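The values are calculated or read from the model by the stated rules, or taken from the named source; none is laboratory data. Since this is a predicted model, take the numbers as computed values, not measurements. In this analysis, Cβ positions are derived from the backbone assuming ideal geometry, glycine residues included, and neighbour counts consider all displayed protein chains. Each accessible area value is taken on the protein alone, full model and side chains, heavy atoms only, with ligands, DNA and RNA left out. Shrake-Rupley method; radii C 1.70, N 1.55, O 1.52, S 1.80 Å.
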Amino acid sequence: MISSPQNEKVKLARALQDRAKTRRKEGKIVLEGARLVRDAMQQGLLPDFILATPDSASGFLATFGIESILVSDEIMREISATQQPQGILGVFPMPTPTLPPDASRIVILDSIRDPGNLGTILRTSAAAGVQAILLSPTCVDPYNPKALRGGMGAHFRVPVIESDWDRIATYCYNKHIYVADSEGDLAYDTADWSSPWALIIGGEADGAGHEALALAQHRVYIPMAAATESLNAAIATGVILFESARQRALKS
């Protein structure tokens with residue numbers, strides 16, 4: 001059992017949790033908790049190694065032919081990114097998703113800075129049938145521990161691609177491109193979501209940037225009562241995406 005914080009695997013896991021720069025350099029991420037670890041392996045991603053406490057819920061690993069490396073409770077608390085560790089985490093290769101050539105439901109995120117919001121948007125997008133998610137250069141790292149927890153496995157079920165605006169424009173050139181904007185002129189439920197589309201969601205503080213607004217053909221808004229100015233970015237995404245799913249279901 002590993003009980004020293006100076007162990008190389010422990011030091012690597014801690015550094016990957018703490019620093020995006022380390023994740024980029026090593027090409028690795030940390031997944032914490034049985035659900036995330038299982039989700040990743042069910043999608044074909046195999047770990048470099050798994051660290052687990054003796055009383056963790058790690059019995060499912062045998063199904064994949066994986067053995068965990070035991071660590072003490074103190075070490076797990078040392079490397080966990082949560083206040084109440086679940087007792088299991090894995091170091092995995094960073095996913096390398098590719099864009100589907102014919103996606104007709106695309107979400108573009110611009111300057112989403114809060115990792116919890118990002119994770120929730122990814123989870124919501126997956127649930128609503130989005131086929132690709134593009135992140136502008138000013139978004140938070142999608143493999144931040146909070147983003148991974150918020151995504152609840154969406155990172156492994158929908159391609160999440162960090163991109164620049166030229167590539168985004170090229171990929172979406174033949175789609176109806178909408179941007180969520182509280183001052184828009186088209187109500188979200190009157191827009192036609194039955195044809196191939198891309199939806200831009202802007203940052204929490206300042207909304208969509210100049211590149212996003214220049215790319216969009218339509219600005220959609222969500223009517224609100226009680227003089228409410230705007231919704232949280234993740235909530236707004238859910239409202240719009242499930243309207244698109246409703247229209248798609250009616251058409252089919």
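Between helix 233-251 and the chain there is an angle of about 70 degrees, using the helix long axis and the longest principal axis of the Cα atoms.
For 11, 25, 251, give the ranking by accessible area with the largest first, probe 1.4 Å.
25, 251, 11
Accessible surface of region 1-141, 1.4 Å probe: 46 percent of it comes from carbon and sulfur atoms. Remark: relative contact order (the chain) = 18 percent; criterion is Cα-Cα distance under 8 angstrom and separation of 6 or more residues.
Ranking of 9, 175 by solvent-accessible surface, largest first: 9, 175 (1.4 Å probe, protein heavy atoms only, all chains present). Remark: relative contact order (region 101-213) = 36 percent; criterion is Cα-Cα distance under 8 angstrom and separation of 6 or more residues.
Accessible area per residue was computed with a 1.4 Å probe on protein heavy atoms; residue 246 scores about 120 Å². Less than 5 angstrom separates the built amide H of residue 29 from those of 92, 94, all sequence-distant by 5 or more or on a different chain.
Using only Cα atoms, tell me the angle between helix 115-127 and the longest principal axis of the chain; keep it within 0 to 90° and round to the nearest 10. For helix 115-127, the angle is close to 70 degrees.
Think of it as helices only: each DSSP H run of n ≥ 4 in the chain is worth -39500 (n - 2.57), and spread over all residues that comes to -10000 deg cm²/dmol at 222 nm. Whole angstrom only: what separates the Cα centroid of region 191-233 from the Cα centroid of region 36-114? For region 191-233 versus region 36-114, the Cα centre distance is 32 Å. Comparing 15, 205, 103 in a Gaussian network model of the chain (Cα springs below 10 Å), the most mobile by mean-square fluctuation is 205. Placing a label point 7 Å from the Cα of residue 21 along the Cα-to-Cβ line, the residues of region 110-143 whose backbone N sits under 18 Å from it are 140-143. Among the protein heavy atoms, those of residue 12 account for about 40 Å² of accessible surface (1.4 Å probe, every chain in place). Largest first, the residues 139, 172 sort by 1.4 Å accessible area into 139, 172. Rolling a 1.4 Å probe over the protein heavy atoms gives the chain an accessible area of 48 Å² per residue.
In order along region 24-29, the phi-based Karplus estimate (6.51 cos²θ - 1.76 cosθ + 1.60, θ = phi - 60°) of 3J(HN,Hα) comes to 5, 5, 7, x, 9, 9 Hz; Gly and Pro are listed as x. Computed with every protein chain present, the accessible area of residue 221 is close to 70 Å² [probe 1.4 Å]. For the listed residue pairs 21/175; 175/251; 25/146; 21/146; 11/146, the alpha carbons are over 26 angstrom apart in 21/175. Taking amide H as placed 1.01 Å from N in the peptide plane, residue 176 has its amide H under 5 Å from the amide H of 197, 198, each at least 5 places away in sequence or on another chain.
A DSSP coil position with no more than 16 other Cβ atoms inside 10 Å describes the following chymotrypsin sites (Phe, Trp or Tyr not before Pro) in region 140-173: 173.
The residue list 12, 71, 99 was ranked by how far each Cα lies along the charge dipole of the chain toward its positive end, using unit charges on Cβ atoms, and 71 comes out on top.
The overall shape of region 93-252, judged from the alpha-carbon gyration tensor, is rounded, with an a/c ratio under 1.5.
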